[in-house]
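The values are calculated or read from the model by the stated rules, or taken from the named source; none is laboratory data. Since the model is a prediction, treat every value here as computed from it, not as a measurement. FYI the Cβ positions are ideal-geometry reconstructions off the backbone, even for glycines, and counts take in every protein chain you see. Remember, those area values only see protein heavy atoms, side chains included, never the ligands or the DNA or RNA. Shrake-Rupley method; radii C 1.70, N 1.55, O 1.52, S 1.80 Å.
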Amino acid sequence: MQDELREPGYPWSRVQIHPTRASVDLALTGIGALAVGLIAQEPAVVAWTGALLVGLALARAVTMVGVARVRAAGFEMLWRGEQRMQRVGRGDTIELGAEIRNRDSLAARYVHLRAVCSPDLEVELEPTSGEVPAAGRLAIQVRVRAPRVGQHGIHGLSLEVQGSPGLFEVPLTFANPYGVEVLPQSYRLLLRSARGGRSRMNAQDGRAGVFAGDGSELRELRDHQPGDPWRRIAWRASARRGKLLVREHEREERDVVWLLLDASVELWSGKPGLAPLDQAIDEVAAVFERHMGRGDSVGLGILASRCLTWLTPNRGPQHRMRILNALATDTGCWDGDRCDLDEADVAARVIEHMRPLDPAGSARLRPGEPDKVLRRAERVRARAPFEGVLPNAGSNRERKLRQYLSAFGMHAPARMEPERTKTDLTLTHTLKRLLYERPRPSIVYLWSPAPSFERLPQLEKALSELPLRRLDVRWVCMRAEQSIPREGSNLAEPVADALGLRMRIARERGEQALRRWGLRIEPLHAKTRPRAPAPRTTEEAPAPASAPRLP
């Protein structure tokens, strides 16, 4: 058997008892019969119904005593394996092992088992009902599917223990956090790719191909021109020919690519895995892997009402993981200006999460005492599966409280107010910023919904100022039709069709406007699954810089 975590999860001390449907029916029948017996003055009926109600009370007491006994003897839940966190690609399914131990001399029967986890995870458990044997253990298979990128937590398991008469149930929650870090789909390529390889000397500017400049290979000897450095003069050849000659070398250049992603909060709307931002993140990762396979330098900018992430162009395995982690974590909604929770709401969620993990230390905490909550949360955060990002917030205290949410992979709802107007301003400033970036970019991809120039003429002006002759700008219009819910009432389907048609018309108008200004529209949506790039030999010519597409 595999090793287990050192810190098992014990059932939370707050015990609540719930009657089953049979118990409720018996109670209602007994109360009704008791009323009839009292009205009809029938002692036998009153005695019978009274005994029935007393039996229900005894069954409740027996259930409470049995559950208390099991908990006192040692009722715990553990994860198999030493890891507390696992990385997966978006859409993948992983299987985790857990077990529930019962150290009592009596078996514990449960009727329902569920996972307490982030709503962005789909978790299935087997078996969902059964019995934990006396002085034994029950193996549980946890199947997790990850439809959305980010750091998500499985906070523990909850099962409903049923008393011996079968009339009452007691839910027991085992707090034992486990982290699932979901990266874009191209993370699968990173797992299967070989490590190491021959290094290549690549330039930091320009386009793919061989050009004149500083390098190790001699290109030609030419006449000296004003401005040529003296160290390039071929003195022996110049003496033989009687004139100054200059050595011209070759240098190999690669593209400098910038990937700009619009991560406005309204783009998270929709079912996890079908939102516009879900699809766009996979597309960004796929294009990134494509250019990294060619040896290009790739940078990333994640934009919303402000610039969330700005990673300068680079290459290499460390830069690859840095890009993938940024796409998974920096697009989330833990920041104060992107989340629908204020400081009091965050403190309340932190307290609610800490109580199963630390019942004694967090029993008297209140949301109105954020300083006390923060001091206790800093101690409990040592058990978190993630290090946790430090989100943006109005105060340092609120930032630390929000860091607790990210460390345990807790869900943070996106803000209801859209960021479209502010994001367009950020896009305008970013496009102007790229004109002064060094190394000089050669290709810029921009994932964003089709713009409406009638609403924001500044963006149109910024696009018109771009030097499109030397800068290849490619706009990838994000689509939201697939995120419209179609389940529910009979009117859901026609309403979804009408909204989808309206969105498609608006996108086509925006694409026409972009084409008028010389921008290329990249139809990448049908090709989001990346493929491992074939290794290039030294004899192969580099692919044309004007047409890097997804395979």
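Summary of computed values
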quantity: Sites matching trypsin sites (Lys or Arg not before Pro) across segment 133-171 that sit in DSSP coil, with at most 10 neighbouring C-beta atoms within 10 Å; calculated: none
quantity: Those lysines that a straight Cα-Cα span of less than 29 Å connects to Lys432, excepting residues fewer than 8 apart in one chain; calculated: Lys422, Lys461
quantity: Relative packing of peptides 266-273, 356-363 - highest average C-beta neighbours within 10 Å first; calculated: 266-273, 356-363
quantity: P(r) tail fraction, segment 272-357 - alpha-carbon pairs more than 21 Å apart, %; calculated: 45
quantity: Full-stretch length increase - Val36, Glu508 - with 0.36 nm per residue and alpha-carbon distance subtracted; calculated: 162.6 nm
quantity: Segment 282-361 - accessible surface per residue (Å², probe 1.4 Å); calculated: 30
quantity: Cα-Cα separations in segment 28-171 greater than 21 Å, expressed as whole percent; calculated: 57
quantity: Stokes-Einstein D for segment 480-522, Kirkwood Rh over Cα pairs, 37 °C, 0.692 mPa s (µm²/s); calculated: 278
quantity: Nearby lysines by direct alpha-carbon distance to Lys372 (threshold 20 angstrom, same-chain neighbours under 8 apart not counted); calculated: Lys400
quantity: Potential extension, Leu106-Ala27 segment - 0.36 nm per residue separation minus Cα distance; calculated: 25.6 nm
